[in-house]
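Below is one structure, written out as structure tokens; comments come after it.
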Amino acid sequence: MSTAMNFGSKSFKPRAPDKGAFPLDHFGECKALKETFMKCLRNNNFDNSLCRLQSKDYLECRMDNQLMAKEPLTKLGFKDMMDPPPSQADTDPKP
Amino acid sequence: MTEDSTKIPPPGELPADSASGVDRLQVPGMLLPVLLRPSLCRPRASVFLTRCVRTLRCDAPMPPPLSRAEHFLLRRLPPRLHAQSRGIESRGRKSKSREEEWKSRNKTGLTYIAAAGVGMLGLSYAAVPLYRLYCQAAGLGGTAVAGHDAQQVETMTPVKERVLKISFNADTHASMQWNFRPQQSEIFVVPGETALAFYRAKNPTNAPIIGISTYNVVPFDAGQYFNKIQCFCFEEQRLNPHEEVDMPVFFYIDPEFAEDPRMARVDTITLSYTFFEAKEGQKLPLPGYSYN
């Protein structure tokens, strides 16, 4: 733990999150999408790669309800799931 | 040797017999301690001194015939006596100059010591920014984690071969009354892929409680590859009475994790959150070495 008095050995240094903290979803606006995501996880043996669509939906819901700063989803690592914009039709989407 | 000045015969009783100059020689010998004393604290003895000197000088204008040794001694003694009488002053002068020399030496020594002390004090104040610079340059203590680039989220590609299990743990402080637990016990991710996980917190009491959390990643070395894009830590979160909320954590494992030889055997990373109760108006600093 980071508070252990083991001087000289490595300890964990917590870092602040890149985009700060999520505001709390007091009204449960995105709860339904969260449940979908959790169900997907349970069905797929908790494999995150198979449930990325649901996590993308959840984050979009958050952004729509002022619970998250609006950002292009490519910046959140969903580049592979976004359709390329029409101006860049020559670039292939990653599988 | 007579220590007591009262034992010295008064001047009138000085042996004036001219049988031999030895008596006369003895007298100055007896008077030597007296000669030293006057410089210290006996004004009366100094009177004796001057009188005796006078008697020695003025007395006996015709010295008696002396033997050769006595002659020799007599020749030698008066200069010494002279020297004695003058010696006090010259010794006084010498000791004065020596004293002055000591004083000046002490003064220079003291100034050097004082300068060293002030220098040490200044060095201890300067050590704080200097140490900070050194640590950033040398990367000691894990402070130089400057390689964490927020832009790489856009461009990173998942390393599909390396599947990691992230297990979740939730703790609360003993006095914290929230019910806090993860909604999934584990999740399988690959480095370079963003992942979402949920915790749930419930406030079962009748009063609003403000909580603040911190996290921990085990193993420690893997913790530097664990990058959180957004979570619910380090900021106060308020829960109204009987309210239950979902708390997401959006994170990814750095793709360089797959290339680190030290991480070759790491398959499980545990993320542990701990909630504490926050006091009103308390401002906690964000973790990090530089305080903005």
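In segment A:54-72, the qualifying residues are those that are more than 10 Å from every other protein chain (Cβ to nearest Cβ) and in contact with an Asp or Glu (Cβ under 8 Å, 6 or more places away or on another chain), and the one that is surrounded by the fewest Cβ atoms within 10 Å (Cβ to Cβ) is A:ASN65. Out of the residues in segment B:181-197 meeting the condition of being within 49 Å of the chain's Cα centre (by Cα) and open to solvent by 10 Å² or more (accessible area, probe 1.4 Å), tell me which one is farthest from B:THR268 (Cα to Cα). Across segment B:181-197, the extreme among qualifying residues is B:ARG181. Screening segment B:204-292 for strands (runs of 3 or more DSSP E) wholly inside it with 2 or more residues that are open to solvent by 70 Å² or more (accessible area, probe 1.4 Å) and modelled with pLDDT of 85 or more returns the ranges B:268-277. For segment B:200-231, taking the residues that are of a type in the set (D, E, K, R) and more than 40 Å from the chain's Cα centre (by Cα), the one that is farthest from A:LYS70 (Cα to Cα) is identified as B:LYS202. Restricting segment A:39-53 to residues that are crowded, with 19+ Cβ neighbours inside 10 Å and in a helix (DSSP H, G or I) leaves a set whose member that is nearest to the chain's Cα centre (by Cα) is A:ARG52.
The values are calculated or read from the model by the stated rules, or taken from the named source; none is laboratory data. The structure presented is a predicted model; accordingly, all values stated were derived computationally and were not measured. All Cβ positions, even for glycine, are placed from backbone atoms using ideal geometry, and neighbour counts span all protein chains on display. In case anyone asks, the SASA skips ligands and DNA or RNA and just uses the protein heavy atoms, side chains included. Shrake-Rupley method; radii C 1.70, N 1.55, O 1.52, S 1.80 Å.
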